[in-house]
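Here the structure comes first, spelled out in structure tokens, and everything after it is commentary.
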Amino acid sequence: MPHITYRNACVEFVDDVYEPAEDSFLLADAALDLAKQGMKILEIGTGTGFVAAVLKANLDVDLLATDINPYAVKCACNNGVPTIRADMFSAFKSLKCFDMIIFNPPYLPTLEEDKVPGWLNYAFDGGVDGTASLHRFLEGLVSYLCHKGIVLVLVSSLTGIEKAISWMEGYGLETEVVVKEKCFFEELVVLKGILKAGPE
Ligand SMILES: C[S@@+](CC[C@H](N)C(=O)[O-])C[C@H]1O[C@@H](n2cnc3c(N)ncnc32)[C@H](O)[C@@H]1O
């Protein structure tokens, strides 16, 4: 089985599931820098479980992941990441309180003719302007983040970094760029948002 070894984690990947790439590495590094022992962490859209597996290999954290792609759920579970199949936050019937929520969304601007066959399309398809998944994530997020909880989101210059920052600020998240990297035709950044509003 093909696999990637990175920062003490070894993750297998399979067809039909997003293969960890530069965006995954950048997000994993940022998450590992900012996570602390004992944190309750949720990763939405975990794919192979790569980012969560890097956290788990290095820290004693309480981890849960989701993905809409059933092959990703199986792959992530096989990689030791507890993962449930869900569309965004839909698995959580009541509000939860996570210290950190992570998402590397599908962000490619995608027209009908650009879609790839099967479940893998969910890894890439960001709707016509690339922002559909990011918007849905931000709409749901605030109900699941603790006071002063941290959200980490991977954003590409293809989506629009300044636009994404202002949307996050609009949801009451104090937002900053924690790391950025040029990657072929785009710039990738990890945005950190801290929820300021809400009960202590
Ligand atoms: C760009 S891939 C990132 C995968 C992995 N987190 C990584 O960084 O390598 C996006 C992932 O989000 C998942 N996804 C897309 N839409 C989703 C949704 N509405 N709910 C849950 N997962 C979703 C996809 O199936 C895919 O695994």
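Worth a mention:
- Here Val11 meets the list (1) out of contact with any Ser or Thr (no Cβ under 8 Å at 6 or more places or on another chain); (2) of a type in the set (Val, Ile, Thr); (3) farther than 21 Å from Lys192 by Cβ almost entirely, failing just condition (1).
- When the helices (runs of 4 or more DSSP H) confined to the range 84-200 are screened for residues that are in contact with an Asp or Glu (Cβ under 9 Å, 6 or more places away or on another chain) and in contact (Cβ under 8 Å) with a residue 40 or more places away in the chain, those reaching at least 1 such residues are found at 121-124, 132-141.
- Residue identified as modelled with pLDDT of 95 or more and hydroxyl-bearing (Ser, Thr, Tyr) among Ser143, Ser133: Ser133
- Criterion: of a type in the set (Val, Ile, Thr), within 23 Å of Val155 (Cα to Cα) and modelled with pLDDT of 95 or more - qualifying residue of Val61, Val51: Val51
- Total residues in the range 62-107, condition of a type in the set (Gly, Ala, Ser) and under 14 Å from the mean Cα position of the chain (by Cα): 4
- Total residues in the range 104-113, condition at pLDDT below 95 and closer than 14 Å to Leu27 by Cβ: 1
- Residue, nearest to Asn8 (Cα to Cα), within the range 74-104, restricted to residues that are among the β-branched types (Val, Ile, Thr) and more than 9 Å from the ligand (Cβ to nearest atom): Val81
- Test: Leu55 is buried (at least 18 other Cβ atoms within 10 Å of the Cβ), within 10 Å of the ligand (Cβ to nearest atom) and part of a helix (DSSP H, G or I): no
A quick yes/no check of all residues on (1) out of contact with any strand residue (DSSP E or B) (no Cβ under 7 Å at 6 or more places or on another chain); (2) closer than 19 Å to Ala35 by Cβ; (3) crowded, with 16+ Cβ neighbours inside 10 Å:
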residue	(1), (2), (3)
Gly149	no, yes, yes
Leu154	no, yes, yes
Val177	no, yes, no
Phe185	yes, no, no
Val190	no, yes, yes
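- Selected residue (criterion: farthest from Gly140 (Cα to Cα)) from residues of the range 64-102 that are touching a Leu at 6+ places or on another chain (Cβ under 9 Å) and surrounded by 23 or more Cβ atoms within 10 Å (Cβ to Cβ): Val81
- Residues of the range 16-37 include at least one that is modelled with pLDDT of 95 or more, more than 9 Å from the ligand (Cβ to nearest atom) and in contact with a Gly (Cβ under 9 Å, 6 or more places away or on another chain).
Let's see how each residue does on (1) over 19 Å from Asp29 (Cβ atoms); (2) within 14 Å of the ligand (Cβ to nearest atom); (3) polar (S, T, N, Q); (4) in contact with a Phe, Trp or Tyr (Cβ under 6 Å, 6 or more places away or on another chain):
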| residue | (1), (2), (3), (4) |
| --- | --- |
| Lys115 | yes, yes, no, no |
| Val128 | yes, no, no, no |
| His135 | yes, yes, no, no |
| Leu141 | yes, yes, no, no |
| Val153 | no, yes, no, yes |
| Trp167 | yes, no, no, no |
| Tyr171 | yes, no, no, no |
| Cys183 | no, yes, no, no |
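The values are calculated or read from the model by the stated rules, or taken from the named source; none is laboratory data. The structure presented is a predicted model; accordingly, all values stated were derived computationally and were not measured. Here Cβ is always computed from backbone atoms with ideal geometry, including for glycine, and neighbour counts include all displayed protein chains.
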